[in-house]
Every structure is written in C-alpha cells, then in structure tokens.
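As structure tokens, the structure follows; a few thoughts come after it.
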Amino acid sequence: AQVVYVQGAPPPGAQVVYVQAGGPPTPAAAQPVAAPGQKVTVTEKVEYQYVPAVCQTPVPAPLPPSGEPLPWEIEDKKREEKLEAARAAAKRHEESKARSKAKTGLFSKVAAVASDVGHAVTVETKGLALSATDTYATKMEKWAGARFRERIVSQVNGVVPASDKLLGEFDGNAISAGQSLVGAAYVSSTFLSFWGQFNDLKTVPGKSIKRPVRFALPLVSVASIQKGIAQSSANKLAAPIINICPPGAPGTPDAVQVYTTDGRLHLFYAFAQYSDFYNVLDHAWRQALPGGVPPLAAAATAGGDEKKEEAAAAKAEE
C-alpha cells in the first residue's frame, strides 16, 4: 500500500480508506496522513491531481478562426424572427379591423373577432419582448453559473476570478494520466476549466469509487487548438486515443486537442454539443489574446526542454 493523501488535514470521523500500489496520481500539494499500509479515516473526498499528456510533436499551427455563429447569436436570431412574425401578424389583424370598420361604419362581428385576435397577438409580442431578458447569458449565470462557481471558482485555489464571465457549460470528457474524466468543461472569458470524476477501481478492491478532478487553463497559455477524432483503445478501461483531424481529412471531428505553452497537451472528447464547445472555446481564446495567437516557437521549445530534462533524469536513474 502507498501513503494515503488528502487535500489538507483529515477531519475527524469517517470511513476507512486503503490505497493500493499503482493507484491514481496524488496531488502535489496534498499532505500525507498515514504511513504505508496503515489505515486512516477521512471525511472529505480524496481529490486527485490532473495529469495532462506531454506534447511529443511540434505544436501544430492554429486553425483558421471559427466562422460559425455563437450559441447566443443563434438564440438572439431565433428570438428576433419570432418577434418579427408576431409583429407582422398583429399588423395584418389591425389592417383587417380597419378595413372592416371602414366598410360598415361600425365594428362588425368580423372586426370584433379581428380585434380579439389582434389583442392576443399584441400580448404574444409583449411576452416575447419580455422573454428577451431570459437570454443565453442570463441562463448561463442562473443555472450553469452556480455550478461553475461551486465546482471551479471556489475550488481551484482562487486561480479563476469570480468576475470571470461564463460563456458556456458543456458536458463531456477529459483525459488525465490515460484515464477518462466524465464531467463538464467551462469556457469563461479568460479560462478553460474542467470538473470531472473518474472511477477509482484500485483504492478498494472490488469497489468503484468516483473521484473528483478539476483544473483550469488560462487561455493566454494556449498555443494552439486542434480538432481531433477519438478512437477506442484496445484496453477497455483506458481512455480513447485522440488523433488530430486536419482540415479536409476524412472523418468527423469529435474531440479537441489544446496545446499549451508549457509543452502539455490537453485532450477533450464525447461532447454532446461538440460544435458549440469548439466554437465558443475558439472565440474565447482569440478574444483573450490581445496580440493575436501566441508564437508557436515558445510552446515547441517548452515541450522540447521538458522532454530533454525527462530524458536526462531517466538516464541518471539508469
């Protein structure tokens, strides 16, 4: 067994936890609370560190900016189309009422019906106008915003500011140390964050325990964002393999590769709203970079330096 680690000192009470050798990576900032083989009691959830892949290739050039309309632009367009249709219907009914009045000199039954219908359409128009306050942004703030603050802002050691505007919440998966994390990605004005869980099958033999993992990537640290395709691994317990999908290549992209300037590769896949996730992320990234996309040489050099250091360390151990 290994030393058991938890975030901070363990509070009193709780369940017995055993950690088997070869378990998931422990967080760098965690505190040891037991010697190898010793049982400990904890009440808080054991949270593990996110471990991205090391970039093994040169960072690919960024793709052209996404030209697709953003989710809130699509929503605004649909709302405006509904308002225009309601206004046109109200106008037609008012014109019908005026023609009927001019013909008979008084309100006929037809005019009365037209008046009622026109009133109903006017009410519908007002209702649609009022619903304009229930925009994509307010929905994000009311529903997804609460989860964003609970899962990310209040948990990632104050890295993500509370003032960061949430642009989208997208259910999907990320990969950490070769394992799938099932959860949600949060794209805000200056960060790409993720909250997820993985099935820990090693801590307690014969039992699956959901372990939380969360991380936040500053958008200014992103060197390139690429579309990819997820392919199932031969090992059913392992995460899929994510291959890059260049423009014009066969296949339908269903994954996202995010290269950062520290030489790391962050992998995301299985998003029900894949197009929206990629589109919002691409726009947010470009908006966060006042000088345009960052130089790729920095990212490639960072990755190369880390690989040289790792190779040197491995050689020293031999």
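The values are calculated or read from the model by the stated rules, or taken from the named source; none is laboratory data. The shown structure was predicted, so the numbers you read here are calculated from the model rather than taken from an experiment. Cβ placement follows ideal geometry from the backbone for every residue including glycine, while neighbour counts extend to all protein chains displayed. In case anyone asks, the SASA skips ligands and DNA or RNA and just uses the protein heavy atoms, side chains included. Shrake-Rupley method; radii C 1.70, N 1.55, O 1.52, S 1.80 Å.
Of all residues in region 74-128, those being at pLDDT below 55 and aliphatic (A, V, I, L, M) number 11. Would you check if Ser66 is buried (at least 16 other Cβ atoms within 10 Å of the Cβ) and at pLDDT 80 or above? So Ser66 passes the test.
Taking region 242-284 as the range and being open to solvent by 20 Å² or more (accessible area, probe 1.4 Å), within 21 Å of Trp195 (Cβ to Cβ) and in a helix (DSSP H, G or I) as the test, the residues that pass are Tyr274, Asp276. Just to verify a result, which residue in region 69-83, among those that are loosely packed, with under 13 Cβ neighbours inside 10 Å and over 19 Å from the mean Cα position of the chain (by Cα), is farthest from Thr135 (Cα to Cα)? Ranking the candidates gives Glu81 first.
Going by the conditions given, is Asn235 without any contact (Cβ under 8 Å) to a residue 24 or more places away in the chain, open to solvent by 20 Å² or more (accessible area, probe 1.4 Å) and touching a strand residue (DSSP E or B) at 6+ places or on another chain (Cβ under 8 Å)? Here the answer is no, as Asn235 does not meet what is asked. Can you tell me how many residues within region 172-216 are in contact (Cβ under 8 Å) with a residue 60 or more places away in the chain and under 16 Å from Glu150 (Cα atoms)? So the count comes out to 10.
Answer yes or no as to whether Lys227 is surrounded by fewer than 17 Cβ atoms within 10 Å (Cβ to Cβ) and basic (Lys, Arg). Judged against the criteria, Lys227 is not a match.
Return a yes/no flag: does region 185-192 have any residue that is of a type outside the set (Val, Ile, Thr) and within 18 Å of Ala53 (Cα to Cα). Within region 185-192 (the criterion being of a type outside the set (Val, Ile, Thr) and within 18 Å of Ala53 (Cα to Cα)), the answer is yes, since at least one residue qualifies.
Consider Ser180 carefully, then state whether it is assigned to a strand (DSSP E or B) and in contact with a Leu (Cβ under 8 Å, 6 or more places away or on another chain). Against the criterion (assigned to a strand (DSSP E or B) and in contact with a Leu (Cβ under 8 Å, 6 or more places away or on another chain)), Ser180 does not qualify.
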